[in-house]
Every structure is written in C-alpha cells, then in structure tokens.
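The values are calculated or read from the model by the stated rules, or taken from the named source; none is laboratory data. No experiment lies behind these values; they were computed from the predicted model shown. Glycine gets a Cβ as well: all are built from the backbone with ideal geometry, and neighbour counts include every protein chain shown. All accessible areas refer to the heavy atoms of the entire protein, side chains included, with ligands and DNA or RNA removed. Shrake-Rupley method; radii C 1.70, N 1.55, O 1.52, S 1.80 Å.
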Amino acid sequence: MVSSSRQIFVLLLVLLTAVVSVNAQPAGDKTSTSVISGKVTIGGKGAAGLVVGLANETPSSSIHITGLTATTDEDGNYRIKNVPPGTYKVLVAALAYVQSDGLRPVAVGKNEVAENIDVTLVRGGVITGKVIDADGRPVLEEEVFLSSTTPSRAFPFLRTVRTDDRGIYRAFGVPAGRYIVSAGKDPISSFGRQNAGHVRTYPPSALNPADATAIQVNEGSETTNVDITLGRQLSRYTARGR
C-alpha cells in the first residue's frame, strides 16, 4: 500500500496544475453554500498565487483529492465554495515547503462557513547523495527510502525518491525531524517471496538496520553526501523437474 505521505506528495503535484485526478470527487455541491476559507503565509507574509485544495480519506484510508480548489489572492487569502458536508484536509501546492501544523481535519456541515483555516508554510529540508554499486558505478533509477524515526501528521512514515542518470538522489520538501535513509531490497518480501536486486543498504554501506545513522533535518537545511554503496545483488532462482 502506498504510504500516505507519498500520496500527499503526488496530490500536491496534481494541485500544481489544478488537474483533477481520475479518482477525484465531483467539483462541488451547487446546492450547498458551505465555504472553507483562510490564509496561507510564508514567514508571516501572505503567499499569493498558490493553489489550495481539499482532500479526504476513503474507507480504505487512502487519500483522494477533490475537485474543490481555490487560488490565494495577493494577501494569501483563499476561499473554497460549494463544499459538500464532510471532513477534509487542506492541501497547499508548494512542493518545496511543508505545512508546519500538518494536515488538520476540517469538518463542515451543510450551508456552514469554516473560517480562519490558516496554513503556515515553512521551507522543507533536503537530503541528497549518490548511490553506487560495489564497483563504484552509479546505480540509475534506484529507489531510495526515507523513513521517519518519529512519524507525524506532516510525514507519517515513508517517502521514496529515485536516483537520476548520475546515480544521484535528492529528496526535498522534507519536514523537520530525524530520518533513516536506505536503498535496495529486503531479502524476503512482505509476501514471503525472495526479492531480486541489491540488498537493503544504509549509508554508507551498512546492512544491519541497527547500524543505520539517523539524519537530522531542520527547516530549510540541506544534508549532502548521504551516499550509499550497494553490495551484492540478491538472486532469484527457479527450480524445474519432472
């Protein structure tokens, strides 16, 4: 199952282009006059021109964006109209920034006005490094995992990024906290199957999770050279007989 933090990251990408995903709900209830409004600030100043949207949770605990959006005015104010009754989370499309108070639920009834649902954005941190194999060659398109040692509403558990054509990865918009970085796969999957690929490795080349060093991320910080050297590849075998 995709982690909720990764879902949120994807939803922000959707909001940036104001495009509704195929699983989105209707744009609004024209018979409802309910409104959710507030102000988006960065450094105490109103942030203009940002897309603000509403998301909600499904019975399966996944997060779906709705078609309900608004754009902040020159003072950072937003106003989302025709909101059907329900409980929502306010998302602001600013990928390098983090909502400092996480994603608070906002409940609204029919023909109600929920005011002062303000959002404060702070600059997220960055973790970056390079992934190479045992021969020193860059590993391309390798998935790198960031797991929080203290899950929160802003970063529930896990985020993943991929290396580029140089073997370099860069995770940005990371909320303040402590994170364990790793690449590769566990020998046995959660389905009891043997995985193929490189063994799960922690910077610089530790295989034991107990030897992993947590990376401290602060607001606006950038931690560089969190490099990983992957060892042997996991093999997958097939046995046949008659």
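Can you give me the number of residues within the range 71-119 that are assigned to a loop (DSSP other than H, G, I, E, B), over 21 Å from Ile42 (Cα atoms) and hydroxyl-bearing (Ser, Thr, Tyr)? Steps first, answer last, please.
Here is the first cut: in the range 71-119, the ones assigned to a loop (DSSP other than H, G, I, E, B) are 72-76, 81-85, 93-96, 100-104, 109-112, 115-118.
Checking which are over 21 Å from Ile42 (Cα atoms) leaves us with 81-85, 109-112.
Then keep just the ones that are hydroxyl-bearing (Ser, Thr, Tyr); that gives none.
Summing the residues that are assigned to a loop (DSSP other than H, G, I, E, B), over 21 Å from Ile42 (Cα atoms) and hydroxyl-bearing (Ser, Thr, Tyr) in the range 71-119 gives 0.
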Residues within the range 120-141 that are over 17 Å from the mean Cα position of the chain (by Cα), closer than 21 Å to Thr160 by Cα and assigned to a loop (DSSP other than H, G, I, E, B), tallied: 4
Being part of a loop (DSSP other than H, G, I, E, B) and modelled with pLDDT of 85 or more is the filter; apply it to the range 182-211 and report the residue that is least open to solvent (accessible area, probe 1.4 Å). Gly184
Please determine whether any residue of the range 73-89 is within 28 Å of Ala171 (Cα to Cα) and free of Cβ contacts under 8 Å to residues at least 40 places away in the same chain. yes
Across the range 142-180, the tally of residues that are modelled with pLDDT under 95, open to solvent by 40 Å² or more (accessible area, probe 1.4 Å) and assigned to a loop (DSSP other than H, G, I, E, B) stands at 7
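Any residue at all in the range 22-41 that is more than 16 Å from Leu95 (Cα to Cα), at pLDDT 85 or above, open to solvent by less than 30 Å² (accessible area, probe 1.4 Å) and not in a strand (DSSP E or B)?
Here is the first cut: in the range 22-41, the residues more than 16 Å from Leu95 (Cα to Cα) are 22-39.
Next, from what is left, pick out any that are at pLDDT 85 or above: 34-39.
Right, trim to open to solvent by less than 30 Å² (accessible area, probe 1.4 Å) and you get 34-38.
Restricting the remaining residues to those that are not in a strand (DSSP E or B) gives 34.
Yes: one or more hits.
From the list Leu95, Leu68, which one is touching a residue at least 60 places away in the same chain (Cβ under 8 Å) and open to solvent by less than 60 Å² (accessible area, probe 1.4 Å)? Working first, answer last.
On the way: Leu68 fails: touching a residue at least 60 places away in the same chain (Cβ under 8 Å).
Result: Leu95 is the single residue among Leu95, Leu68 that is touching a residue at least 60 places away in the same chain (Cβ under 8 Å) and open to solvent by less than 60 Å² (accessible area, probe 1.4 Å).
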Can you pull out every residue in the range 98-108 that is open to solvent by 20 Å² or more (accessible area, probe 1.4 Å) and small (Gly, Ala, Ser)? Ser100, Ala107
